[in-house]
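The values are calculated or read from the model by the stated rules, or taken from the named source; none is laboratory data. Predicted, not measured: the structure shown is a model, and the values here were computed from it. Cβ placement follows ideal geometry from the backbone for every residue including glycine, while neighbour counts extend to all protein chains displayed. The accessibility values were calculated without ligands, DNA or RNA, using every heavy atom of the protein model including side chains. Shrake-Rupley method; radii C 1.70, N 1.55, O 1.52, S 1.80 Å.
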Amino acid sequence: MFKIDIWLIIGFTGQGLFSMRFLIQWIKSEREKRSTIPIAFWYFSLAGGISLLIYTIHRKDPVFILGQASGLFIYARNLYLIFHERRLAAS
């Protein structure tokens, strides 16, 4: 029987989510005929980054832990700025 390694599933899921953001951005840009970053890009960045951070903490890899943790701050900040701008526009 195959032994399912939950940590590999978490790692590959995170990498898949993180990679999907580029596909989403590419499709959106092709549809609009200009370079654009849709909000889904930031959600996939955040979800992929969280999954990969969990995986790298388990692996105890300080280089990737620092890289993923700093990236999460940037993704969350971009989502905050988007929602803040929308809230101001709605006022």
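Take peptides 11-22, 63-74 and line them up by average Cβ neighbours within 10 Å, highest first, as a rough protection proxy.
Details: 11-22: 16.2, 63-74: 14.1.
Output ranking for 11-22, 63-74: 11-22, 63-74.
With +1 assigned to the C-beta of every Lys and Arg and -1 to the C-beta of every Asp and Glu, and no other charges, what is the dipole magnitude of the chain about the Cα centre in debye, to the nearest 20?
Magnitude of the dipole: close to 180 debye.
Give a residue-ordered list of calculated ³J(HN,Hα) values for region 53-60 (Karplus: 6.51 cos²θ - 1.76 cosθ + 1.60, θ = phi - 60°; whole Hz; x for Gly, Pro).
Each residue of region 53-60 in turn: 5, 4, 5, 6, 5, 4, 6, 6 Hz.
Residues of the chain: accessible area per residue at 1.4 Å, in Å²?
75
Determine, at each q value in 0.13, 0.17, 0.18, 0.25 (inverse angstroms), the log₁₀ of I(q)/I(0) that the Debye formula gives when each Cα of the chain is one equal point scatterer.
Reported log10 I(q)/I(0), two decimals: -0.53, -0.79, -0.85, -1.17.
Under 25 Å between alpha carbons, and skipping anything fewer than 8 positions from Lys60 in its own chain: which lysines qualify?
Lys3
Among Phe41, Ser51, Trp7, which residue has its Cα positioned farthest towards the positive end of the charge dipole of the chain, with +1 placed on the Cβ of Lys and Arg, -1 on the Cβ of Asp and Glu, and the dipole taken about the Cα centre?
Checked the options; the winner is Phe41.
Per 0.36 nm of contour for each residue apart, how much would the distance between Ser29 and Ala69 grow if the chain were fully extended, relative to their Cα-Cα spacing?
Values: separation 40, 0.36 × 40 = 14.40 nm, distance 2.77 nm.
Difference between extended and current length: 11.6 nm.
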